[in-house]
Amino acid sequence: MNHILQQELIDVAYIVAVVLFILALRWLSSPATARHGVLAGEFGAFLAVIATLCNYEIIEYKWIIVALVVGAIVGVPLGLVPMTAVPQRTALSHAFGALAAAMIGIAEYYVRIPHVTKFEMVEIALEVIIGSLTFTGSLIAAGKLQEILPQRPITYRGQNFVSLSALGAAILIAIWLMFHPESARLFPVMVAISLIFGVMLVTPIGGADMPTVISLLNSYAGLSAALLGFVLNNKVLVVAGALDGSSGFILSVIMCKAMNRSFTNVMFGAFGQVQASAAGVKEARTVRSATAEEAAAILGAANTVVIAPGYGMAVAQAQHKVRELFDVLTKRGVDVKFAIHPVAGRMPGHMNVLLAEADIPYDRLLDMDTINPEFPQVDVALIIGANDVTNPAARTDASSPIYGMPILDVDKARTVMVIKRSMSPGFAGIDNELYYLDKTLMLFGDAKAFVGNIVRELTGGAH
Ligand code: NAP
């Protein structure tokens, strides 16, 4: 096959891959089409890789095969982590993607010097700076989420000044290299500063903000891939990087809005630091608790029940038991709906994915803005492993770290029941007023076991 025809076929494959990436993003935005979205994205990526491997400029495949095998050895176990570990797994993928982009940029610089045009140098420098800081930043984010590193923000006086000066120094070196690309000794200094800046960028941010940071790092990784596309003159990389970068950015904006936080507050607010002092002023207060038998009686007698799931349902893997509860109550004529908070769990869409896995009909899943006005008419709000997203302090306590975050108005339901194991706080580390209301019953236990017990009570032991 001649080279022109081969290149044309590769270009066609790239166009199909790009269309599949765009469709994947479109389809992933609804639970009903999300599976198609995943398949379209996977097939697009497969096509793009195969087309790239057909490039006639490849001299030998030996090292490519070695890299594929090493990548698969690392990648396959990463794909098998539990759903609750997906945020840190995603951070690791960004770290690897960004490292690859930075390393290719570094290689391109050394292959091309001293014949690097100003434009090429800008592309390479930006890609290497963003790739390097995303690599170390993502590793720190993954470490914090996995609790290998301390979750609390680590700060010191003048931190923002020091961090921004480091970034400024890397940019100054990049500008110098634009005019003097032959100053090869400065290049590794720029890389080292960028790597250090990535650490400085993420250490002052608390664990509770890590999912937002990860989606921001996702957008940086996309940006560095797009820049790499310019360096290598590879159009599919430019488009895929741009899609990745912009979707990551949009997701970060959505998460900030759902928590009523600004970008600056997430990046520089050191959220999570005030919690220690807030926890210190605890007073002994009483709560009312109930058994599975009592909870089953109340649920069975209700006309409308709204289930508000959260992180605890995910950890306990209780979604299938929740499905059984949904079936049993629906059969009895109870109107059961699910209230989905945009940041319930540890990643956006976490609850939708789990409930879809348990085949709960999508039309029963209502987002926060739709369900909130209905709560005053709801007989029972059943909270399963959710905490922060139901905390009324977000509406009333201006000193609370979550003040202003939109919440599920479960406290407006006639009766509130909360399944959790103890009085421990949720992710934001703060007490929840909801538990002390007269209308609230605490159902202490593991979510999966407790929901199972309620189902057993309702079915007279048939489950
Ligand atoms: P949460 O506030 O973290 O509370 C989860 C609750 O689940 C805990 O209070 C815990 O209490 C309970 N729990 C844990 N394991 C359990 C088990 N096996 N069985 C029963 N209960 C269990 O969760 P959330 O209400 O879903 O709120 C999410 C938090 O993450 C918010 O602060 C949000 O801002 C933050 N966040 C989320 C995202 C996102 O994209 N989803 C992004 C950024 C930040 P016990 O220990 O007493 O059982």
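The values are calculated or read from the model by the stated rules, or taken from the named source; none is laboratory data. Just so you know, these numbers come straight off a predicted model, no measurement behind them. Reconstructed Cβ throughout: ideal geometry from the backbone, glycine too, with neighbour counts over all protein chains shown. Ligands, DNA and RNA are excluded from the accessible area calculation, which covers all protein heavy atoms including side chains. Shrake-Rupley method; radii C 1.70, N 1.55, O 1.52, S 1.80 Å.
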Quick one: count up the residues across segment 391-415 that are under 14 Å from A381 (Cα atoms) and near the ligand (Cβ under 10 Å from one of its atoms).
3
Would segment 354-362 turn up any residue that is open to solvent by 30 Å² or more (accessible area, probe 1.4 Å), in contact with a strand residue (DSSP E or B) (Cβ under 6 Å, 6 or more places away or on another chain) and more than 12 Å from the ligand (Cβ to nearest atom)?
no
For segment 328-432, list the helices (runs of 4 or more DSSP H) that sit wholly inside it and hold at least 1 residues that are closer than 27 Å to R456 by Cα; which are they?
350-357
Looking only at segment 303-323, count how many residues are open to solvent by 10 Å² or more (accessible area, probe 1.4 Å) and either in a helix (DSSP H, G or I) or modelled with pLDDT of 95 or more (or both).
9
Segment 243-263, residues that are within 14 Å of the chain's Cα centre (by Cα) and within 14 Å of the ligand (Cβ to nearest atom):
G248, I250, L251, S252, V253, I254, M255, C256, A258, M259
Is it the case that segment 357-368 has a residue that's modelled with pLDDT of 90 or more and of a type in the set (G, A, S)?
yes
On the basis of being assigned to a helix (DSSP H, G or I), open to solvent by 40 Å² or more (accessible area, probe 1.4 Å) and touching a residue at least 40 places away in the same chain (Cβ under 8 Å), does V189 make the cut?
no
It is to be established whether one or more residues within segment 300-310 are away from the ligand (no atom under 13 Å from the Cβ) and of a type in the set (S, T, Y).
yes
Scanning for something among the hydroxyl-bearing types (S, T, Y), in contact (Cβ under 8 Å) with a residue 24 or more places away in the chain and either more than 9 Å from the ligand (Cβ to nearest atom) or more than 23 Å from P211 (Cα to Cα) (or both), does segment 376-390 turn up at least one residue?
no
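Quick check on my filter: what residues within segment 437-453 are open to solvent by 50 Å² or more (accessible area, probe 1.4 Å) and either near the ligand (Cβ under 6 Å from one of its atoms) or more than 26 Å from the chain's Cα centre (by Cα) (or both)?
Matches in segment 437-453: L437, D438, K439, F444, D446, A449, N453.
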Confirm whether N234 is at positive phi and modelled with pLDDT under 90.
no
Contact list please: Cβ distance under 9 Å, first residue in segment 391-417 and farther than 16 Å from I371 by Cα and of a type in the set (S, T, Y), second residue within 11 Å of the ligand (Cβ to nearest atom) and open to solvent by less than 50 Å² (accessible area, probe 1.4 Å), pairs at least six apart or on different chains.
S400/N391; S400/A394; S400/A428; S400/I430; Y403/A394
